[in-house]
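To start, the structure itself, in structure tokens.
The values are calculated or read from the model by the stated rules, or taken from the named source; none is laboratory data. Only a predicted model underlies this, so the values are computations on that prediction, with no experimental measurement involved. Every residue, glycine as well, gets a Cβ built from its backbone with ideal geometry; the counts of neighbours run over all protein chains shown.
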Amino acid sequence: MRIGAHVDATDPLGAAAARDAETVQFFLADPQGWKAPQPHPDADRLRGSDIDVYVHAPYVINVATLNNRIRIPSRKLLVTHATAAATVGAKGLIVHGGHVNAGDDLAVGIDNWRKTFAYAAKSGGFATPVLIENTAGGDNACARRFDNLARLWDAVGEFDVGFCLDTCHAHAGGEDLLDIVDRVKAITGRIDLIHANDSKDAFGSGRDRHDNLGNGKIDPELVVAAVRASGAPVVVETPGGVDGQRADIALLRGAGR
Ligand SMILES: [Zn+2]
């Protein structure tokens, strides 16, 4: 199993070493902002390293929305990030599934996802594989509940789209972790990355607050079981800095032996 953590972008390889990590994930720009990513000073070293690199796209991206003033810049920023992620050798660009506003038709939002991949395909496709991540909240989300995820995959499946399963988001979103890998794979056929996080909040709460494994409301054995069943690389997006994340990684490794 290749396991690591979401870390600060300043020194990802140093952060990986401090955590005994084999995977590392970071942002290439402010996750709450629209600024384009800048070249990473460690790009050559990251590309040449044996650490698996993942980039998380900004949270503001919502390619599903019917609001043109969000959707159009979202689509452009996703393309820009995929290009920038390739310069650091990223294996995947993780982006949230997005949502439509209350009263808007989810079918249009899902078709906006299809158009996003069709738009990128016209210029040769995304420079880094895009992994759509399941989300925790909202009543009109494309990838919170798996009935909607199935509709999304019917629309985008032809484009070789990846999937990132977040255990906190599944739990808070109201999808049981028991046998979750089988249920996801029945829809997507693949899991490219696991975000192994505990949740501070109750099942179905819709809230997105990560916790260290065993500290929150999820039975850590269910997280371990999902990691093991998926066979996918793992990133913990948990608090507590080096010590907190080292402990989470150790828990996942120990249980995997
Ligand atoms: Zn996540």
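Take the residues of region 239-257 that are farther than 22 Å from Phe27 by Cβ and at pLDDT 95 or above: which is nearest to the ligand (Cβ to nearest atom)? Looking at residues that are farther than 22 Å from Phe27 by Cβ and at pLDDT 95 or above, I get Leu252.
The rows are residues; the columns are (1) under 22 Å from Lys91 (Cα atoms); (2) touching a His at 6+ places or on another chain (Cβ under 9 Å); (3) without any contact (Cβ under 8 Å) to a residue 12 or more places away in the chain.
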position	(1), (2), (3)
Pro129	yes, no, no
Phe163	yes, no, no
Leu177	no, yes, no
Arg190	yes, no, no
Ser199	no, yes, no
His210	no, yes, no
Pro220	no, no, no
Ala225	no, no, no
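Of all residues in region 174-187, exactly one satisfies the criterion of being closer than 14 Å to Ile132 by Cβ and either within 16 Å of the ligand (Cβ to nearest atom) or surrounded by fewer than 17 Cβ atoms within 10 Å (Cβ to Cβ) (or both), namely Val184. Every listed requirement among (1) within 24 Å of Leu149 (Cα to Cα); (2) more than 14 Å from the chain's Cα centre (by Cα); (3) away from the ligand (no atom under 16 Å from the Cβ) is met by Arg207 save one, (3). Val63 meets all of the listed conditions (1) more than 16 Å from the ligand (Cβ to nearest atom); (2) surrounded by fewer than 23 Cβ atoms within 10 Å (Cβ to Cβ) but one, namely (2).
For residues that are of a type in the set (Asp, Glu) and without any contact (Cβ under 8 Å) to a residue 60 or more places away in the chain, scanning just region 23-52, find the one that is surrounded by the most Cβ atoms within 10 Å (Cβ to Cβ).
To start, the set of residues in region 23-52 that are of a type in the set (Asp, Glu) comprises 30, 42, 44, 50, 52.
Retained after the next criterion (residues that are without any contact (Cβ under 8 Å) to a residue 60 or more places away in the chain): 30, 42, 44, 50.
On the way: Asp30: 12, Asp42: 15, Asp44: 12, Asp50: 5.
Going through the qualifying residues, I end up with Asp42.
The conditions of being within 15 Å of the chain's Cα centre (by Cα), farther than 19 Å from Ala141 by Cα, modelled with pLDDT of 95 or more and of a type in the set (D, E, K, R) are met by Asp192.
From the list Val227, Val223, Val130, Val236, the one residue that fits, being at pLDDT 95 or above, surrounded by 19 or more Cβ atoms within 10 Å (Cβ to Cβ) and more than 14 Å from the ligand (Cβ to nearest atom), is Val130.
Within region 226-256, the set of residues being farther than 20 Å from Ala136 by Cα, in a helix (DSSP H, G or I) and among the hydrophobic types (A, V, I, L, M, F, W, C) comprises Ala229, Val242, Ala247, Ile249, Ala250, Leu251, Leu252, Ala255.
When region 22-52 is filtered for residues that are over 15 Å from Ala85 (Cα atoms) and within 16 Å of the ligand (Cβ to nearest atom), only Gln32 remains.
The residues of region 183-203 that are within 18 Å of Asp219 (Cβ to Cβ) and outside any strand (DSSP E or B), listed by number, are Arg183, Ala196, Asn197, Lys200, Asp201, Ala202, Phe203.
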